[in-house]
Amino acid sequence: MLEIVNVSRRFGDFQALNEVSLQVQAGEFFTLLGPSGCGKTTLLRSIAGFDTPDSGDILLDGKSLLALPPEKRPVHTVFQSYALFPHMTVADNIAFPLRMSGVGKAEIERRVADVLEDVRLPDKAKHFPEELSGGQRQRIAIARALVNRPRLLLLDEPLSALDAKLREQMQIELINLQKEVGITFVYVTHDQGEALALSHRIAVMNKGEVSQIDEPSLLYSSPKNRFVADFIGQCNLLDGKVVSCDGATTRITIDGLGELAVQSNPNIPFNVGDDCALTLRPEKIRLAKSVAPESDEVHFPGTVHDMLYLGDVTVYIIEVKRDGHPVLIEALLANSAPGRARLLDTGDAVEICWPRDAGHLVR
Amino acid sequence: MRRRNPLVTSAAVGVYAFLYIPLIVVAIFSFNDSRLNAEWVGFTMKWYRQLIENDAMLQAAANSLIIASCAAIAAGVLGTLAGVALHRFRQKWLTALVLGPVAMPDILIGVSLLLTFMLMNISLGMMSIILAHVTFCIGFVAMAVQSRMAGMDDSLLEAARDLGASQWQSFRLITLPLLMPGIVAGMMMAFTLSIDDFVVTFFTAGVGSSTLPLEIYSMVKIAVTPEVNAVSTLLMLLTLILITALSRFSPQSLRS
């Protein structure tokens, strides 16, 4: 439905977008995720028409958008600052796009009332934006952008100004709203948790390029490279070299840990001697004073170097020292049982192990 | 409540006294029943009555109001455009160009305009005064508009375009209403500057286009008569009203 074809954009010496291509399906909740400066906002602004790519094309339903000014594109944006018109009431704000497209007065009134009902603020029509709370402004901005049913809704970090509690509530509302209206959403955020929670698919961007496009669960479990592994969720990144490849199992050496067996990555072919990195999620690691490893598990002794109590879980940084060079590995313990939180203490000797297929091999 | 330092308080009282006592004296003596501004004799309204019968003075007052209104309106339109341009292009030289006349000495503006009007064969009269006043008023409106523009969220205009407004529609429906307090403040400023301008007007006025300040000056050449006191008091009152109105429209008093 939306196609980005080899789009590049340069600002002076800064390459904001470099040959970016991706496709968004109709009805999809699609997220552009990346750190600041990765090009996600430039791409969004190019789709809206506020910025023009140096090369490449942007197609909506097969037709190029590039020649159209912003007001002629069937695309609406929800801005980070909401951009509600301060001199207009909520009703006039929402009516604005309808007036611009010449909808009749009675029809406008009906549709404004409808959409206010949808965002559950029917009694705020006569209020001015400054009289509303942050969450309410957010909902009005979304209502205004949706009221004349654009083909595509662009959202530029719309929840970043809200506090954590309200953000979670708005995330649920956004998911439900998108399901209800069935309009394609393209969402920009730097918050990986938000992206995982909201999206059907995510494009992770880095330095103007797309690193990986996948469903949230695949992005989390099978990152394609170090950047994605590191950016999405907590992750141990252990640098090493390939020693041997044997179908399903690859043997690698990791500085400080020595040689160990890991599951091969079917998507990335490795040769003997290649540099590689093992990505290992903390929650995949078993940690205790002493563990009995299963036959398919690798196993290391270590000491507790640091710990962070987070309420539901405690994060332990384990120092493993095998051949001189110490390696720090992050592991988790759930604090479900009472008293469990202080089960381990800094300096305690512990053991960690993980199944061979827990780690994910990337370049 | 903070404790007041008596030294600061007395300094403030002194400064305000220095600023306002002469004005108050003029106002008081405009009601004095004596030709001399020396001692209080008794209350009278006769100087005001005489003023009303003074055709030259009334004509000058009418001229001043017409000139100030025209200058304020013209400077309002041109200054708004200049202010928007200053914000949009953010060029230092452009700012200097627009705001130059604000900082330029009046005498210089007056002389150079006189020369220009002569060279261009523009006859001196109401029109030449209005043109002259517009030149030094534009900068004030431009400054007021620019500061208002700077406080405006740029995404508002992008939102307007995004929601289907053409460039002109987004200017008319979003930019202009949001700039209005700045424009009005700038125009009031222009009005007060125009109505009491002497130097520039002196150089650009012709026969039959005398303004209130010029008329007062020509009367003072002989002596400061109570009539001058009366007309000065009225001018003061008008300025006061405008300043009060201006402060209600000042950018700080308006949330954007």
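The set of residues in the stretch A:59-83 being more than 7 Å from chain B (Cβ to nearest Cβ) and within 16 Å of A:L153 (Cβ to Cβ) consists of A:L60, A:D61, A:L65, A:R73, A:P74, A:V75, A:V78, A:Q80, A:Y82. Kindly indicate whether A:L98 is open to solvent by less than 40 Å² (accessible area, probe 1.4 Å) and within 12 Å of chain B (Cβ to nearest Cβ). Yes, satisfied.
Taken over the stretch B:43-57, residues that are more than 17 Å from B:D33 (Cα to Cα) and in contact (Cβ under 8 Å) with a residue 12 or more places away in the chain amount to 3.
Might you let me know whether the stretch B:184-207 holds any residue that is of a type in the set (F, W, Y) and within 14 Å of chain A (Cβ to nearest Cβ)?
For the stretch B:184-207, residues of a type in the set (F, W, Y) and within 14 Å of chain A (Cβ to nearest Cβ): absent.
Of the candidates A:S64, A:S55, the single residue that is free of Cβ contacts under 8 Å to residues at least 24 places away in the same chain, loosely packed, with under 14 Cβ neighbours inside 10 Å and farther than 17 Å from A:Y187 by Cα is A:S64.
Any residue that is assigned to a helix (DSSP H, G or I), open to solvent by less than 80 Å² (accessible area, probe 1.4 Å) and more than 14 Å from chain A (Cβ to nearest Cβ) - is there at least one of those in the stretch B:150-163?
Within the stretch B:150-163, the first condition is being assigned to a helix (DSSP H, G or I), and the residues that meet it are B:150, B:154-162.
From the residues that got through so far, the ones that are open to solvent by less than 80 Å² (accessible area, probe 1.4 Å) too are B:150, B:155-162.
Next, from what is left, pick out any that are more than 14 Å from chain A (Cβ to nearest Cβ): B:150.
So far as the stretch B:150-163 goes, yes, one or more of its residues are assigned to a helix (DSSP H, G or I), open to solvent by less than 80 Å² (accessible area, probe 1.4 Å) and more than 14 Å from chain A (Cβ to nearest Cβ).
If I filter the stretch A:132-153 for residues that are more than 14 Å from chain B (Cβ to nearest Cβ), under 30 Å from the mean Cα position of the chain (by Cα) and open to solvent by 50 Å² or more (accessible area, probe 1.4 Å), do I get at least one hit? Yes - at least one qualifying residue is present in the stretch A:132-153. Cβ-Cβ distances below 9 Å connect the following pairs, each with a first residue in the stretch A:164-175 that is touching a residue at least 40 places away in the same chain (Cβ under 8 Å), a second residue that is open to solvent by 50 Å² or more (accessible area, probe 1.4 Å) and of a type in the set (A, V, I, L, M), and a separation of six or more residues or different chains: A:I175/A:A197.
Checked against the criterion of being surrounded by 23 or more Cβ atoms within 10 Å (Cβ to Cβ), at pLDDT below 90 and under 29 Å from B:L238 (Cβ atoms), the candidates B:A185, B:A132, B:A142 yield just one match: B:A185. For the stretch B:164-178, taking the residues that are more than 7 Å from chain A (Cβ to nearest Cβ) and exposed (fewer than 15 other Cβ atoms within 10 Å of the Cβ), the one that is nearest to the chain's Cα centre (by Cα) is identified as B:L176.
Looking at the stretch B:70-97, which of its residues are in a helix (DSSP H, G or I) and over 15 Å from B:I183 (Cβ atoms)? Break it down into steps so the answer makes sense when it comes.
First pass over the stretch B:70-97, keeping only residues in a helix (DSSP H, G or I): B:70-89, B:92-97.
The answer is B:C70, B:R88, B:F89, B:K92, B:W93, B:L94, B:T95, B:A96, B:L97.
Candidates A:R167, A:R137, A:R151: the one that is over 22 Å from A:T42 (Cβ atoms) and at pLDDT 90 or above is A:R137. The condition of being part of a strand (DSSP E or B), among the charged types (D, E, K, R) and either in contact with a strand residue (DSSP E or B) (Cβ under 6 Å, 6 or more places away or on another chain) or assigned by TED's automatic domain parsing to the domain that holds A:G27 (or both) does not hold for A:D92. Every condition in (1) in a helix (DSSP H, G or I); (2) over 30 Å from B:D153 (Cα atoms) is met by B:M188 except one, and the failing one is (2). Scanning the stretch B:47-91 for residues that are open to solvent by less than 90 Å² (accessible area, probe 1.4 Å) and farther than 24 Å from B:S210 by Cβ gives B:G76, B:V77, B:L78, B:G79, B:T80, B:A82, B:G83, B:V84, B:A85, B:L86, B:H87, B:Q91.
Could you please let me know if A:L84 is under 20 Å from the mean Cα position of the chain (by Cα) and surrounded by 14 or more Cβ atoms within 10 Å (Cβ to Cβ)? Talk me through it step by step, then tell me what you get.
Details: under 20 Å from the mean Cα position of the chain (by Cα): no; surrounded by 14 or more Cβ atoms within 10 Å (Cβ to Cβ): yes.
Judged against the criteria, A:L84 is not a match.
The values are calculated or read from the model by the stated rules, or taken from the named source; none is laboratory data. Bear in mind that the values here come from a model prediction, so they are computed numbers and not experimental data. In this analysis, Cβ positions are derived from the backbone assuming ideal geometry, glycine residues included, and neighbour counts consider all displayed protein chains. Ligands, DNA and RNA are excluded from the accessible area calculation, which covers all protein heavy atoms including side chains. Shrake-Rupley method; radii C 1.70, N 1.55, O 1.52, S 1.80 Å.
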